[in-house]
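Note sheet for the following structure.
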Amino acid sequence: MNHSVTTTARLLWAGLRALLVLTLVTGVLYPLAVTGVAQTLFPGRANGSEITAHGRVVGSSLIGQAYDLPLKKGQKTPEPDLRWFQGRPRNGLGTNSVNTGYDLIVSGATNRSGDNADLIAWIEEARAAVVEDNSTAGHRVRPSDVPPDAVTSSGSGLDPDISPAYAALQVHRVAERNRLPVAEVRGLVREHTEGRTLGFVGEPRVNVLELNIALAERAARR
């Protein structure tokens, strides 16, 4: 009987020591080591890829933002503030979730097939809005000019980037609204266009937040 109790106590003590050691290694030492390496080698990414402007954090280069006008009385859906470059449609899950404004609680795509009637209707509505919003007195946008990313959300609904084609489509409208020369705004787009990662991964892209920060600075100088 005593031998059985002793054996059980020894096994329990061994198990407790293993638990304490593994807790220390995996719960304390390993996280501290990973955090130390990340903060030393990749501090920007480790801290959320924050973007600052005028000394304060204004967002992350990894998460899109909305550029809308304040809601009017009785209005439920905000209108885009057309002074700024606009990102991709942000209703990543269609009408199925709360993710309708770069809300980080849920992310995802519409999960509808290419021939789904609702999806086709959303795309046609979005294309018409893009044409109307970006046409100016001296520059008419045609439906065929609208690139796919202007009328479809990304897989997460949180994409911070747009294609160079979509950025270029918005140049005339942004220039007119900010009273800037078209060539100057086009130059800003060109300066903020990133190529494929490592030269072959992904597609060329423009980070909307970074572009709008540069636009605000340029407009302020004017």
Inset, instruction - Quick one: which residues, 5 or more positions from Thr136 or on another chain, have an amide H under 5 Å from its amide H? H modelled 1.01 Å from N in the peptide plane, none for Pro or chain starts. - result: Val141
Inset, instruction - Order by neighbour count: Ile51, Ile162, fewest other Cβ atoms within 10 Å first, most last. - result: Ile51, Ile162
Inset, instruction - Please list the non-local residues whose amide H lies under 5 Å from the amide H of Asp68, H modeled 1.01 Å from N, same-chain partners needing a gap of 5 or more. - result: Asp81
Legend entry - Sequence of Leu24, Leu82, Leu211 once ranked by neighbouring C-beta atoms within 10 Å, starting from the fewest: Leu24, Leu82, Leu211
Inset, instruction - Starting from the amide H of Ala53, placed 1.01 Å from N in the peptide plane, find each other amide H under 5 Å away whose residue is 5 or more places distant or on another chain. - result: Val58
Legend entry - By average C-beta atoms within 10 angstrom, highest first, the peptides 111-121, 163-173: 163-173, 111-121
Legend entry - the stretch 73-81 - phi-based ³J(HN,Hα) in whole Hz, Karplus 6.51/-1.76/1.60, Gly and Pro as x: 4, x, 8, 9, 10, x, 8, x, 7
Inset, instruction - Could you sort 190-202, 62-74 so that the peptide with the highest average Cβ count within 10 Å comes first and the rest follow in order? - result: 62-74, 190-202
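Bear in mind that the values in this text are calculations on the coordinates, not laboratory data. Predicted, not measured: the structure shown is a model, and the values here were computed from it. Cβ: placed from backbone, ideal geometry, glycine included. Neighbour counts: every protein chain shown.
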